[in-house]
Amino acid sequence: MQALSPVETYLQDFHQRQPGATTAAFAHLRARSSVADYASSYAALAAYVPQPTVPLTVLDLACGDGHLLKLLSDRQGPSLKLIGVDMSQGELDVARATLPGHVVLLKERAQELSVETGSIDCVLSHMAMMLMDDIEQVIKEVRRVLRPHGQFATVVGRGFLLGDVSEILLGVLLPILKEEGTWFRFGDARTRTIDGWTELLARDFENLQFEDLDVDWDPLPHELWDSLTETYDIDRLSAPSKTRLRERFIHALSDLQRSDGTIRTGWAIRLIRAQAKP
(Lines give C-alpha, C1' and ligand atoms only; values in the text may rest on other atoms or scores of the structure.)
Protein backbone atom coordinates (compact mmCIF):
# COMPACT_ATOMS: atom_id res chain seq x y z
CA MET A 1 0.00 0.00 0.00
CA GLN A 2 1.29 3.47 -0.93
CA ALA A 3 2.58 5.73 1.85
CA LEU A 4 -0.29 7.49 3.58
CA SER A 5 -0.87 11.24 3.35
CA PRO A 6 -1.14 13.31 6.57
CA VAL A 7 -4.93 13.18 6.36
CA GLU A 8 -4.91 9.41 5.79
CA THR A 9 -2.45 8.94 8.65
CA TYR A 10 -4.77 10.82 10.99
CA LEU A 11 -7.87 8.93 9.81
CA GLN A 12 -6.10 5.60 10.22
CA ASP A 13 -5.06 6.55 13.76
CA PHE A 14 -8.55 7.80 14.66
CA HIS A 15 -10.25 4.61 13.49
CA GLN A 16 -7.64 2.48 15.24
CA ARG A 17 -8.52 4.28 18.48
CA GLN A 18 -12.25 4.51 17.90
CA PRO A 19 -13.44 1.69 15.64
CA GLY A 20 -17.16 1.77 15.08
CA ALA A 21 -17.51 5.51 15.68
CA THR A 22 -19.43 6.06 12.44
CA THR A 23 -21.79 3.18 13.15
CA ALA A 24 -22.41 4.52 16.67
CA ALA A 25 -23.36 7.91 15.23
CA PHE A 26 -25.63 6.79 12.39
CA ALA A 27 -26.87 3.20 12.72
CA HIS A 28 -29.64 3.91 15.25
CA LEU A 29 -31.09 7.03 13.62
CA ARG A 30 -33.74 7.16 10.89
CA ALA A 31 -32.91 8.99 7.66
CA ARG A 32 -35.66 10.73 5.70
CA SER A 33 -36.01 12.68 2.49
CA SER A 34 -38.92 14.23 0.65
CA VAL A 35 -39.53 10.91 -1.10
CA ALA A 36 -38.46 8.15 1.29
CA ASP A 37 -37.96 7.15 4.92
CA TYR A 38 -35.16 4.73 5.82
CA ALA A 39 -34.39 2.88 9.05
CA SER A 40 -30.91 4.44 8.86
CA SER A 41 -28.47 5.91 6.36
CA TYR A 42 -26.92 2.44 6.13
CA ALA A 43 -30.34 1.01 5.31
CA ALA A 44 -30.68 3.58 2.51
CA LEU A 45 -27.61 2.04 0.87
CA ALA A 46 -28.66 -1.54 1.58
CA ALA A 47 -32.01 -0.84 -0.08
CA TYR A 48 -30.15 -0.07 -3.29
CA VAL A 49 -28.98 -3.70 -3.52
CA PRO A 50 -31.72 -5.92 -4.97
CA GLN A 51 -32.55 -9.32 -3.56
CA PRO A 52 -30.37 -11.40 -5.91
CA THR A 53 -31.94 -14.00 -8.14
CA VAL A 54 -28.59 -14.44 -9.89
CA PRO A 55 -25.06 -14.24 -8.41
CA LEU A 56 -24.35 -10.67 -7.28
CA THR A 57 -21.09 -9.18 -5.94
CA VAL A 58 -21.18 -6.09 -3.71
CA LEU A 59 -18.16 -4.06 -2.60
CA ASP A 60 -18.38 -1.80 0.46
CA LEU A 61 -15.68 0.86 0.05
CA ALA A 62 -14.36 2.11 3.42
CA CYS A 63 -16.47 -0.53 5.15
CA GLY A 64 -15.41 0.41 8.68
CA ASP A 65 -16.62 -2.06 11.30
CA GLY A 66 -18.77 -3.83 8.71
CA HIS A 67 -22.24 -2.60 9.72
CA LEU A 68 -23.49 -2.22 6.14
CA LEU A 69 -22.03 -5.60 5.19
CA LYS A 70 -23.84 -7.12 8.18
CA LEU A 71 -27.17 -5.67 7.00
CA LEU A 72 -26.59 -7.27 3.60
CA SER A 73 -25.33 -10.61 4.92
CA ASP A 74 -28.36 -10.92 7.20
CA ARG A 75 -30.50 -11.26 4.08
CA GLN A 76 -28.99 -14.74 3.74
CA GLY A 77 -29.11 -14.59 -0.03
CA PRO A 78 -27.24 -17.61 -1.39
CA SER A 79 -26.11 -15.68 -4.47
CA LEU A 80 -24.74 -12.60 -2.69
CA LYS A 81 -20.94 -12.22 -2.48
CA LEU A 82 -19.73 -9.45 -0.17
CA ILE A 83 -16.36 -7.67 -0.11
CA GLY A 84 -15.29 -4.94 2.33
CA VAL A 85 -12.31 -2.63 1.87
CA ASP A 86 -10.86 -0.34 4.53
CA MET A 87 -7.41 1.05 5.34
CA SER A 88 -7.94 0.79 9.12
CA GLN A 89 -6.89 -2.48 10.70
CA GLY A 90 -8.80 -1.59 13.85
CA GLU A 91 -12.07 -1.32 11.94
CA LEU A 92 -11.37 -4.49 9.98
CA ASP A 93 -10.65 -6.41 13.18
CA VAL A 94 -14.09 -5.48 14.53
CA ALA A 95 -15.68 -6.36 11.19
CA ARG A 96 -13.96 -9.73 11.08
CA ALA A 97 -15.21 -10.57 14.57
CA THR A 98 -18.83 -9.80 13.71
CA LEU A 99 -19.24 -10.84 10.07
CA PRO A 100 -19.68 -14.33 8.62
CA GLY A 101 -16.52 -15.96 7.36
CA HIS A 102 -17.60 -15.81 3.71
CA VAL A 103 -17.39 -11.99 3.70
CA VAL A 104 -14.04 -10.98 2.18
CA LEU A 105 -12.20 -8.13 3.96
CA LEU A 106 -9.25 -6.29 2.42
CA LYS A 107 -6.92 -3.72 3.98
CA GLU A 108 -6.43 -1.34 1.06
CA ARG A 109 -6.70 2.27 -0.05
CA ALA A 110 -9.63 3.18 -2.27
CA GLN A 111 -7.17 4.68 -4.77
CA GLU A 112 -5.46 1.33 -5.47
CA LEU A 113 -7.78 -1.64 -5.17
CA SER A 114 -6.64 -5.20 -5.80
CA VAL A 115 -10.15 -6.17 -6.89
CA GLU A 116 -10.39 -7.63 -10.37
CA THR A 117 -11.51 -5.32 -13.19
CA GLY A 118 -15.20 -5.65 -14.05
CA SER A 119 -15.94 -8.08 -11.25
CA ILE A 120 -18.34 -6.04 -9.09
CA ASP A 121 -22.07 -5.50 -9.59
CA CYS A 122 -22.53 -2.80 -6.95
CA VAL A 123 -20.13 -0.48 -5.10
CA LEU A 124 -21.41 1.15 -1.91
CA SER A 125 -19.76 3.61 0.47
CA HIS A 126 -21.05 5.21 3.68
CA MET A 127 -19.78 8.59 4.93
CA ALA A 128 -16.26 8.19 3.56
CA MET A 129 -15.79 9.43 0.02
CA MET A 130 -15.93 13.12 1.01
CA LEU A 131 -12.84 12.45 3.16
CA MET A 132 -10.68 10.74 0.55
CA ASP A 133 -7.54 12.10 -1.10
CA ASP A 134 -7.37 12.10 -4.92
CA ILE A 135 -11.09 11.52 -5.38
CA GLU A 136 -10.72 11.36 -9.17
CA GLN A 137 -8.50 8.30 -8.80
CA VAL A 138 -10.99 6.77 -6.35
CA ILE A 139 -13.79 7.19 -8.88
CA LYS A 140 -11.62 5.69 -11.62
CA GLU A 141 -11.07 2.65 -9.41
CA VAL A 142 -14.79 2.39 -8.66
CA ARG A 143 -15.54 2.40 -12.38
CA ARG A 144 -12.72 -0.04 -13.12
CA VAL A 145 -13.98 -2.71 -10.74
CA LEU A 146 -17.64 -2.31 -11.75
CA ARG A 147 -19.16 -4.31 -14.56
CA PRO A 148 -20.74 -2.31 -17.41
CA HIS A 149 -24.05 -0.93 -16.11
CA GLY A 150 -22.88 -1.72 -12.56
CA GLN A 151 -24.40 0.33 -9.75
CA PHE A 152 -22.66 2.87 -7.51
CA ALA A 153 -24.21 4.45 -4.40
CA THR A 154 -22.63 6.54 -1.67
CA VAL A 155 -23.80 8.47 1.37
CA VAL A 156 -21.76 11.62 2.04
CA GLY A 157 -22.09 14.67 4.24
CA ARG A 158 -23.84 17.65 2.70
CA GLY A 159 -23.31 19.88 5.74
CA PHE A 160 -22.93 19.15 9.42
CA LEU A 161 -25.52 19.44 12.18
CA LEU A 162 -29.12 20.28 11.37
CA GLY A 163 -30.83 23.39 12.70
CA ASP A 164 -29.56 26.17 14.93
CA VAL A 165 -27.11 23.84 16.69
CA SER A 166 -24.77 24.01 13.69
CA GLU A 167 -24.35 27.79 13.92
CA ILE A 168 -23.84 27.61 17.68
CA LEU A 169 -21.16 24.94 17.37
CA LEU A 170 -19.26 26.80 14.65
CA GLY A 171 -19.42 29.99 16.69
CA VAL A 172 -17.58 28.40 19.62
CA LEU A 173 -15.45 25.90 17.68
CA LEU A 174 -13.82 28.06 14.99
CA PRO A 175 -12.00 30.42 17.38
CA ILE A 176 -10.55 27.46 19.26
CA LEU A 177 -9.46 25.74 16.04
CA LYS A 178 -7.69 28.94 14.99
CA GLU A 179 -5.98 29.21 18.36
CA GLU A 180 -4.69 25.64 18.16
CA GLY A 181 -3.85 25.70 14.46
CA THR A 182 -4.95 22.05 14.17
CA TRP A 183 -7.66 22.52 11.57
CA PHE A 184 -7.31 21.05 8.09
CA ARG A 185 -9.80 20.18 5.39
CA PHE A 186 -10.54 16.62 4.45
CA GLY A 187 -11.14 15.50 0.89
CA ASP A 188 -12.07 17.34 -2.28
CA ALA A 189 -14.41 20.37 -2.17
CA ARG A 190 -16.35 18.97 -5.12
CA THR A 191 -17.73 16.18 -2.93
CA ARG A 192 -19.69 18.78 -0.96
CA THR A 193 -21.96 19.91 -3.81
CA ILE A 194 -24.24 18.34 -6.40
CA ASP A 195 -22.46 20.23 -9.18
CA GLY A 196 -19.13 18.92 -7.94
CA TRP A 197 -20.32 15.32 -7.87
CA THR A 198 -21.84 15.73 -11.32
CA GLU A 199 -18.46 16.90 -12.62
CA LEU A 200 -16.64 14.03 -10.95
CA LEU A 201 -18.99 11.28 -12.15
CA ALA A 202 -20.09 12.50 -15.60
CA ARG A 203 -17.28 10.90 -17.59
CA ASP A 204 -17.73 7.32 -16.40
CA PHE A 205 -21.28 7.22 -15.00
CA GLU A 206 -24.83 7.96 -16.10
CA ASN A 207 -28.31 8.16 -14.57
CA LEU A 208 -27.05 10.26 -11.67
CA GLN A 209 -29.52 10.69 -8.81
CA PHE A 210 -29.20 12.88 -5.71
CA GLU A 211 -31.37 12.53 -2.61
CA ASP A 212 -30.85 14.85 0.36
CA LEU A 213 -31.47 13.09 3.66
CA ASP A 214 -31.98 14.45 7.17
CA VAL A 215 -30.91 12.18 10.00
CA ASP A 216 -33.11 13.49 12.81
CA TRP A 217 -31.90 13.33 16.40
CA ASP A 218 -33.18 14.70 19.70
CA PRO A 219 -30.27 14.33 22.14
CA LEU A 220 -29.70 15.76 25.57
CA PRO A 221 -26.77 18.22 25.62
CA HIS A 222 -24.33 15.71 27.10
CA GLU A 223 -25.35 13.09 24.51
CA LEU A 224 -24.72 15.56 21.71
CA TRP A 225 -21.34 16.49 23.16
CA ASP A 226 -20.30 12.86 23.56
CA SER A 227 -21.09 12.24 19.89
CA LEU A 228 -19.22 15.35 18.78
CA THR A 229 -16.06 14.21 20.56
CA GLU A 230 -15.94 11.44 17.96
CA THR A 231 -15.85 13.90 15.06
CA TYR A 232 -12.48 14.62 13.51
CA ASP A 233 -12.07 18.34 14.22
CA ILE A 234 -12.93 18.00 17.89
CA ASP A 235 -10.95 14.78 18.32
CA ARG A 236 -7.79 16.61 17.23
CA LEU A 237 -8.08 19.32 19.90
CA SER A 238 -5.92 19.28 23.01
CA ALA A 239 -7.55 18.30 26.30
CA PRO A 240 -7.69 21.91 27.63
CA SER A 241 -9.28 23.11 24.39
CA LYS A 242 -11.87 20.33 24.52
CA THR A 243 -12.74 21.37 28.08
CA ARG A 244 -13.17 25.03 27.05
CA LEU A 245 -15.20 24.04 24.01
CA ARG A 246 -17.50 21.81 26.04
CA GLU A 247 -18.19 24.53 28.60
CA ARG A 248 -18.97 27.16 25.96
CA PHE A 249 -21.02 24.80 23.81
CA ILE A 250 -23.17 23.37 26.61
CA HIS A 251 -23.84 26.88 27.91
CA ALA A 252 -24.81 28.14 24.44
CA LEU A 253 -27.23 25.23 23.96
CA SER A 254 -29.40 26.21 26.91
CA ASP A 255 -31.63 28.46 24.80
CA LEU A 256 -32.39 25.58 22.42
CA GLN A 257 -33.44 23.02 25.02
CA ARG A 258 -37.07 21.95 25.04
CA SER A 259 -39.12 21.21 28.16
CA ASP A 260 -37.71 17.68 28.38
CA GLY A 261 -34.13 18.96 28.07
CA THR A 262 -33.57 17.62 24.55
CA ILE A 263 -32.42 19.56 21.50
CA ARG A 264 -33.75 19.15 17.98
CA THR A 265 -30.86 18.51 15.59
CA GLY A 266 -29.34 15.71 13.50
CA TRP A 267 -27.02 15.23 10.54
CA ALA A 268 -27.32 16.58 7.00
CA ILE A 269 -26.29 13.94 4.45
CA ARG A 270 -26.74 13.14 0.77
CA LEU A 271 -27.41 9.85 -1.04
CA ILE A 272 -25.85 9.70 -4.52
CA ARG A 273 -26.61 6.96 -7.04
CA ALA A 274 -25.21 6.34 -10.50
CA GLN A 275 -24.76 3.62 -13.11
CA ALA A 276 -21.46 2.75 -14.79
CA LYS A 277 -21.40 3.57 -18.46
CA PRO A 278 -20.93 0.53 -20.72
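Before moving on, here are some points about what is shown:
- Scanning segment 167-191 for residues that are over 26 Å from His126 (Cα atoms), modelled with pLDDT of 90 or more and hydrophobic (A, V, I, L, M, F, W, C) returns Ile168, Val172, Leu174, Ile176.
- Close contacts from segment 107-122, counting a first residue that is farther than 23 Å from Asp65 by Cβ and a second that is buried (at least 16 other Cβ atoms within 10 Å of the Cβ) and modelled with pLDDT under 95, with Cβ to Cβ under 8 Å and a gap of 6+ residues or different chains, come to Asp121/Leu56.
- The residues of segment 146-155 that are out of contact with any Ser or Thr (no Cβ under 6 Å at 6 or more places or on another chain) and either modelled with pLDDT under 95 or buried (at least 18 other Cβ atoms within 10 Å of the Cβ) (or both), listed by number, are Leu146, Gly150, Gln151, Phe152, Ala153.
So that you can scan it fast, the table gives a plain yes or no per residue for (1) among the β-branched types (Val, Ile, Thr); (2) at pLDDT 95 or above:
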| position | (1), (2) |
| --- | --- |
| Asp195 | no, yes |
| Phe205 | no, yes |
| Val215 | yes, yes |
| Glu230 | no, no |
| Ser238 | no, no |
| Arg246 | no, yes |
| Ile263 | yes, yes |
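- Any hit, segment 59-70, residues being modelled with pLDDT under 95 and touching a strand residue (DSSP E or B) at 6+ places or on another chain (Cβ under 9 Å): no
- Residue check, Thr231 under 28 Å from Val35 (Cα atoms) and among the hydroxyl-bearing types (Ser, Thr, Tyr): no
- Some residue of segment 37-44 being modelled with pLDDT under 95, of a type outside the set (D, E, K, R) and in contact with a Phe, Trp or Tyr (Cβ under 9 Å, 6 or more places away or on another chain): no
- Boolean, Arg264 is under 30 Å from Val35 (Cα atoms), within 24 Å of the chain's Cα centre (by Cα), among the charged types (D, E, K, R) and surrounded by fewer than 17 Cβ atoms within 10 Å (Cβ to Cβ): yes
- Checking each residue of segment 41-48 against the condition of being surrounded by fewer than 22 Cβ atoms within 10 Å (Cβ to Cβ) and small (Gly, Ala, Ser) gives at least one match.
- Scanning segment 107-127 for residues that are in contact with an Asp or Glu (Cβ under 9 Å, 6 or more places away or on another chain) and surrounded by 20 or more Cβ atoms within 10 Å (Cβ to Cβ) yields Arg109, Ala110, Leu113, Val115, Val123, Leu124, Ser125, His126.
- Residue list for segment 231-243, restricted to those being touching a residue at least 60 places away in the same chain (Cβ under 8 Å) and either on the phi > 0 side of the Ramachandran plot or surrounded by fewer than 16 Cβ atoms within 10 Å (Cβ to Cβ) (or both): Tyr232
- Within segment 1-33, the set of residues being in contact with a strand residue (DSSP E or B) (Cβ under 8 Å, 6 or more places away or on another chain) and assigned to a loop (DSSP other than H, G, I, E, B) comprises Met1, Leu29, Arg30, Ser33.
- Residue in segment 177-195 that is on the phi > 0 side of the Ramachandran plot and buried (at least 16 other Cβ atoms within 10 Å of the Cβ) present: yes
- The listed residues are Arg158, Arg144, Arg96, and the only one of them that is of a type outside the set (Val, Ile, Thr) and out of contact with any strand residue (DSSP E or B) (no Cβ under 7 Å at 6 or more places or on another chain) turns out to be Arg144.
The values are calculated or read from the model by the stated rules, or taken from the named source; none is laboratory data. This structure is a prediction, so every number in the text was calculated from the model and none was measured. Backbone-built Cβ (ideal geometry, glycine too); neighbour counts: all protein chains shown.
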